[in-house]
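Q: Dumping the structure here so I can ask a few things about it.
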Amino acid sequence: MVEDVPGGATNIQDIYPLAPLQEGILFHHLMATEGDPYLTPSLLAFDTRERVDAFLDALRALIVRHDILRTAVVWEGAARTDCRWWWRDPPLVVEEVTLDAVAGDFVEQLRRRFDPRKFRLDVRRAPMLRGYLALDPATGDRWLLLMLASPSLGPCHAPRPSRGGSHPSIRRERKLRRTGAIP
């Protein structure tokens, strides 16, 4: 199992058994033959690529600083029980995708392509968060970022954006980075 972690044993910070709620989430994840019943999509729009990159930098910093965001779930080959592995340095995977300019609404294209009812994350890889980035072909200057998060990230729930556009922790992180309070 350790050989499946990038960087091997040195990239594993800690291992804990799953709590009962997490076992239930894992059970439903494994029983679903298509999609993931707990996968949460969040769609964000940015007016420049620089703002996308700043957001992703802040999100990466948040992941590095908070153990719970570096969690993966291991059940195959686990010696005693299903467990959470906290990685030291998980890569935030953000895939740039191309939308079809003639296939209709771009937001709907992105949502259909990564619909949680049909799409799954590999929860064995930390962080249990993936991004899909697309340039809006109609405007050529609006970036759409669809983030998919699994609530298996922590004890109960994955971070979700607030009505203000992004998760409050990410907004605080961006502000601290802008002021130089954190590198």
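The values are calculated or read from the model by the stated rules, or taken from the named source; none is laboratory data. All values derive from a computational prediction rather than experimental measurement. Please note: Cβ atoms are built from the backbone with ideal geometry, for glycine as well, and neighbour counts cover all protein chains shown.
Q: Looking only at the stretch 30-71, which residues are more than 16 Å from Gly131 (Cα to Cα), in contact (Cβ under 8 Å) with a residue 60 or more places away in the chain and in contact with a strand residue (DSSP E or B) (Cβ under 7 Å, 6 or more places away or on another chain)?
A: Correct list: Thr71 only.
Q: Output the residues belonging to the stretch 90-149 that are of a type in the set (D, E, K, R) and assigned to a loop (DSSP other than H, G, I, E, B).
A: Those that are of a type in the set (D, E, K, R) and assigned to a loop (DSSP other than H, G, I, E, B): Asp100, Asp105, Asp115, Arg117, Lys118, Arg120, Asp122, Arg124, Arg125, Asp136, Asp141, Arg142.
Q: Working only within the stretch 23-45, note down all residues that are crowded, with 17+ Cβ neighbours inside 10 Å and not in a loop (DSSP other than H, G, I, E, B).
A: Across the stretch 23-45, the qualifying residues are Ile25, Leu26, His29, Thr40, Ser42, Leu44.
Q: Starting from the stretch 1-22, take each residue that is in a helix (DSSP H, G or I) and list its partners that are loosely packed, with under 11 Cβ neighbours inside 10 Å and not β-branched (Val, Ile, Thr), counting only C-beta distances under 6 angstrom and pairs at least six apart or across chains.
A: The qualifying pairs are Val2/Gly8; Val2/Ala9.
Q: Hey, among Arg124, Arg130, Arg113, which residue is of a type in the set (D, E, K, R) and modelled with pLDDT under 90?
A: From the options Arg124, Arg130, Arg113, the qualifying one is Arg124.
Q: Let me ask something else about it. Within the stretch 68-99, how many residues turn out to be modelled with pLDDT under 85, exposed (fewer than 12 other Cβ atoms within 10 Å of the Cβ) and not polar (S, T, N, Q)?
A: Result for the stretch 68-99: 4.
Q: In the stretch 58-89, what residues are hydrophobic (A, V, I, L, M, F, W, C), within 18 Å of the chain's Cα centre (by Cα) and not in a strand (DSSP E or B)?
A: Passing the criteria: Ala58, Leu59, Ala61, Leu62, Ile63, Val64, Ile68, Leu69.
Q: Scan the stretch 90-109 residue by residue and report those that are touching a residue at least 60 places away in the same chain (Cβ under 8 Å) and more than 16 Å from the chain's Cα centre (by Cα).
A: Val107
Q: Got a sec? Which of Asp14, Asp53, Asp36, Asp47 is under 25 Å from Leu146 (Cα atoms) and more than 19 Å from the chain's Cα centre (by Cα)?
A: Just one listed residue meets the conditions, Asp47.
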